[in-house]
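Everything on this sheet refers to the single structure shown next.
Derivation of every value follows stated rules applied to the coordinates shown; laboratory data play no part. Note that the structure is predicted; figures quoted are calculated from it, not measured. So basically every Cβ, Gly included, is an ideal-geometry build from the backbone, and we count neighbours across all protein chains shown.
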Amino acid sequence: MAQKKIKIAQKRQEVLNGLKDFGTSVYKQLDQGVFPTINMPSRSTENITYDPTLRQYVLGEKSVGRSTRNIRHIKPFTQLAWVAMFSNELTSQRKTSTLRDVYYSAQAYEMTFQDQQESNNIITDLETLTGFAREDFNIFPEERSAIFGDLDIAYTVPGYEGKTVNLTSHPDGVLIGPAVTSAEFIKTSADKVIAIEKGALFTRFIEENVHNKHKSLLIACGGQAPRQTRSFIRRLHDELGLPVYILTDGDPWGMHIAQVIISGSANAAHLRDLNTPDAVWSGVWASDIIEYKLPTDPLDEVDIKRLYELQKDPRYQNDPVWQREIKTFLKIKRKTELEAFARYGLTYIVDEYLPTKLEQQPKEGKNGKKK
Amino acid sequence: MSASDFFYRNRDIAGLSNPSRSIFVAIREVVENSLDAAESQKIPPDIYVRLSFESEATKDTQVYKLRVEDNGSGIPPRFIPSAFGQVLYGSKYKLKQARGTFGLGGKMAILYGQITTHQPVLVSSSTGQEKIYSFKLMIDIQRNKPIILDRKVLINKDSWHGTIIEFTLEGDYLRAMPKIIEYFKQTAMVNPYANLTFVDPKGRLYKFTRATTVMPEPPKETMPHPYGVDVELLQRLIQITECTTMLSFLRQHFHRVGEITAQKFLEFAALPPNKNPKKLTHEEIVRLMQNLKKYKDFLPPDASCLSPLGEDLLKAGVMKELNPEYLVVHQRKPSTYAGHPFIVEMAMAYGGGVPKRGNFVIYRFANKIPLLYDEASDVSYRVISAMNWRRYKVQPDMPIAIVVHICSTKVPYKTVGKEFIADRPEVRREEANALREVARQIQHFLARQEHVHNEKKRLGIFSKYLPKIAEFSTTLAGETKKPDIEKLLKSVQKYGAEEN
């Protein structure tokens, strides 16, 4: 575990070096009397491709330049330099900030952003330029998700350095915020991670003692899992070697929540390690609707349109399970929710459904690949 | 009915229609005579006008005393009584550009003063000789004769030349005031070599100082052009002529008619060249007039009888009164309508002191007098409205003033009141061409201004952001000394340095 500790500190140093390199490059160009320019991969749609080996979206060869000689570039360039400086400050002082903070802090430097979207775009530029996620710069979005389970972590945030905590300590779960994502993992008795789309079921699982019965770390995604949660799941998988299972509603939207945890999103094509390719979508599948005779609602128009989109999506091409389930959805034209299992009693999903699904996974659910 | 009597009964047509209009017209007519008197001698005019309150007259009108002093040529003493006391004194058989139409306006004003207040007019004048002559006069309206009430002769110690005229009249100054002040301002604009001083009944002083002593060439007197005569003028010419043949009559009394032209015309009109003009019958005179108009080969009138301001003086005048940010002027070549030569001068002023009214401000002048009434009926208003301004990137809400000056031996006024110019195709065409020319220049100016504006904005962006980039990158790089960005800032300046 000591080795891991170095890894967190090391990562921070890499981030700081990356920011400094950018600053030094601009500084040197200015000092030599030339207009600073930068180059970074283009994030335009035609430059985003799916990499089957990495099992995520990546950016292609095309790059874009930003030159301070160009009147249209100089403002975003300045904003980028400011965000880099601000991130450098946050990271070296180990302070955290939100996207909203960045938007407001800029105004103190007469660096007004037109709107939140503009400042978010600049932050994405910085991610693309340095290859680090904004969370690495201690800039976090507002949305939060939670974790519960037998895992000891040691904080690295200022004031809590070295302090350990067990993630079963709070029955509502522990917020996956900057302190948790930057913590070192000490030890765990769990042998798997279960990510759940909805907070309500997460709470039910804690009440039903799923973490003990199934030796698992439970994560509430809160809908589409935030990037920091996705990257945290990746760490749980990589650093602790835990398989990851995902439970979502039985509709195209739930299916895609699982997919993004597994394969990442196009928006994050410029980043790595935000996805967990080995994670498995455990349900609720369209075929489960039939098998478990679950109560359903009809698919509406947008659901069906979404299914056709997903059918063509490269992330859905590798594993026959995805295509099979999309076809089943389109055939039965019904959808369901995790809560639907309540028709068989409150504990049915924990006592019957979950064990069956966990059993089933290694045989057919691994995105077509053996570990 | 005498001429005085006629105008007494029909004074409306001279613009003396109501108490406020009358006071404006009276001042205007006397001031115009004074300007003409100074200008004819190429003397930069110095004109002092004082209007003082005398007494209440009716509920809405008061009696005022109007005094106008000028430094013009002055009038020889023997002409003074008739010049001010007889309407239509002096008939004109020769033509030149002048402000007044028949030398009538000043006398009309005096006549109006007399019929409203029954007071005499005081006139002092000297041509710069050793004596100054002062007259106290009234007009015998029925007989159209001056009555001399008093006559004084003074020693002219300072060799003063000019005319002072003082009379009382009834009117409504308060209501006329805006037009009167505007009249002086605009007169100053189009007479930049004149000093104008006006003291109003409340004792307020309005002073318009000359910007130059350069004056336009005075107009030369010319004969009437054959295209511009009527039967009445022909009859008068026949009456006074000493010529005994048609050939010499045509050559002597008409503009640009020489031996050959006269011969050819007489052939065309089937008149014997040696016929005595005094023997023409009335019918023959009418036919002669018609043939004069019909004959195509008369040479066009020349413009020596005109005295336009010229581009420099127009520029000086507009500059002085409007102080615009940018000004273009243009003078058209002489042109003619119905045998009368005319010249159009145009100025377009942008920004600075030009008032912003949501539409162009139009200043109209004819023979250097401002036209203040009935703007929308004027041909210039139609020309300006009909213009495709979008082509010239000009918006009506820009601070733009357009100055139109037409000068002619016979300004084509639509009415006797000298308020607006008639829509004659020749005049319309000249005004449209002049307007296009100044509009083109304004368009260039606006384009250049936009370019400068954009350059400034561009420079502003660089000088705002480059120092920030320097600051942020210095911090990021962990350096202590900021990089020198002056060279970079200078290099962007170079691109945009063509202005300033």
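What you get for the range B:311-444, charging only the Cβ of Lys and Arg (+1) and of Asp and Glu (-1), is a dipole of about 260 debye around the Cα centre. Each of A:Trp253, A:Thr91, A:Tyr109 was placed along the dipole of chain A (beta-carbon charges, centred on the mean Cα), and the one lying farthest toward the positive end is A:Thr91. Considering only B:Leu313, A:Phe137, B:Pro483, the residue lying farthest towards the positive end of the dipole of the protein assembly as shown is B:Leu313, judged by Cα position with unit charges set on Cβ. Note that chain B carries a Kirkwood radius of 26.0 Å, evaluated over its alpha carbons pair by pair. Loop-resident trypsin sites (Lys or Arg not before Pro) (DSSP state other than H, G, I, E or B) in the range B:324-382 with no more than 14 further Cβ atoms inside 10 Å of their Cβ: B:Lys356, B:Arg357.
Relative contact order of the range B:230-359: what whole-number percent is it, with Cα pairs under 8 angstrom and at least 6 residues apart? In percent, rounded to a whole number, it is 20.
Between the range A:315-365 and the range B:422-500, the alpha-carbon centres lie 65 Å apart.
Rounded is the label for the range A:2-140, because a/c, from the alpha-carbon gyration tensor with a ≥ b ≥ c as root eigenvalues, stays below 1.5. Among the listed pairs A:Lys305/A:Lys335; B:Lys207/B:Lys315; B:Lys220/B:Lys278; A:Lys20/A:Lys95; A:Lys293/A:Lys333; B:Lys152/B:Lys220, a Cα-Cα separation exceeding 24 Å is found for B:Lys220/B:Lys278; B:Lys152/B:Lys220. In sequence order, the range B:131-136 has phi-based couplings of 10, 10, 10, 10, 10, 10 Hz under the Karplus curve 6.51 cos²θ - 1.76 cosθ + 1.60, θ = phi - 60°, and Gly or Pro positions carry x.
Each label point was placed 7 Å from the Cα along the Cα-to-Cβ direction; for A:Gln10 and B:Glu450 their separation is 6.0 nm. Relative to the longest principal axis of the Cα atoms of chain B, the long axis of helix B:259-269 makes an angle of roughly 70 degrees.
The amide H of A:Val64, built 1.01 Å from its N in the peptide plane, has A:Met40, A:Ser42 as neighbours under 5 Å, considering only residues 5 or more places off or on other chains.
GluC sites (Glu not before Pro), restricted to the range B:283-346: which are DSSP loop and have at most 14 other Cβ atoms within 10 Å? Passing both the DSSP loop test and the Cβ count: B:Glu325. What number comes out for the charge environment of B:Ala434, summing +1 per Lys or Arg and -1 per Asp or Glu over other residues with Cβ under 12 Å away? Taking every other residue near B:Ala434 into account, the sum is +1. Taking only Cα atoms, what is the 0 to 90° angle, nearest 10, from helix B:231-240's long axis to the longest principal axis of chain B? Long axis of B:231-240 versus the principal axis of chain B: about 60 degrees. Against chain B, whose longest principal axis is taken from its Cα atoms, helix B:425-477 shows a tilt of about 20°.
Note on the range B:162-202: with charges restricted to the Cβ of Lys and Arg (+1) and Asp and Glu (-1), its dipole about the Cα centre is near 180 debye.
Which one of A:Pro41, A:Ile206, B:Gln186 is farthest out on the positive end of the charge dipole of the protein assembly as shown, using unit charges on Cβ (Lys, Arg +1; Asp, Glu -1) and the Cα centre as origin? Working it through, the farthest residue towards the positive pole turns out to be B:Gln186.
Taking amide H atoms as placed 1.01 Å from N in the peptide plane, the amide H of B:Leu371 lies under 5 Å from those of B:Arg364, B:Phe365, B:Ala366, each 5 or more residues away in sequence or on another chain. Placing a label point 7 Å from the Cα of A:Arg343 along the Cα-to-Cβ direction, the residues of the range A:286-321 whose backbone N falls under 18 Å of that point are A:286-300.
Taking amide H as placed 1.01 Å from N in the peptide plane, A:Val174 has its amide H under 5 Å from the amide H of A:Ile147, A:Phe148, each at least 5 places away in sequence or on another chain. In a DSSP loop and with at most 10 other Cβ atoms within 10 Å, the trypsin sites (Lys or Arg not before Pro) in the range B:392-500 are B:Lys481. With 52 Å as the cut-off, how large is the P(r) tail for the protein assembly as shown, expressed as percent of Cα-Cα pairs? Result: 51 percent of Cα pairs exceed 52 Å. 3J(HN,Hα) along the range B:363-372, derived from phi through the Karplus expression 6.51 cos²θ - 1.76 cosθ + 1.60 where θ = phi - 60°, amounts to 10, 10, 9, 9, 6, 6, 10, x, 9, 10 Hz, with x in place of Gly and Pro. Basic side chains Lys and Arg get +1 at the Cβ, acidic Asp and Glu get -1 at the Cβ, and with that the dipole of chain B about its Cα centre reaches some 560 debye. Decide, for the range A:190-364, between rounded, prolate and oblate: order the square roots of the alpha carbon gyration tensor eigenvalues as a ≥ b ≥ c, take rounded if a/c falls under 1.5, and otherwise choose prolate if a/b is larger than b/c, else oblate. It comes out oblate by the Cα gyration axes. A Förster distance of 45 Å, applied to the separation of the beta-carbon atoms of A:Glu239 and A:Ile332, puts the FRET efficiency at 0.65. Building the convex hull from the alpha-carbon atoms of the range B:358-500 and averaging its projection over directions returns 12.4 nm². Modelled label positions at B:Lys152 and A:Thr45, each set 7 Å beyond Cα in the direction of Cβ, lie 9.9 nm from each other.
Using the Karplus relation 6.51 cos²θ - 1.76 cosθ + 1.60 with θ = phi - 60°, the per-residue 3J(HN,Hα) values for the range B:154-168 come to 10, 7, 9, 5, 9, 6, 5, 10, x, 9, 10, 10, 9, 8, 9 Hz, with x marking Gly and Pro. Within chain A, no whole DSSP H helix has Cα atoms reaching 30 Å or more along its own axis together with a mean Kyte-Doolittle score of at least 1.6.
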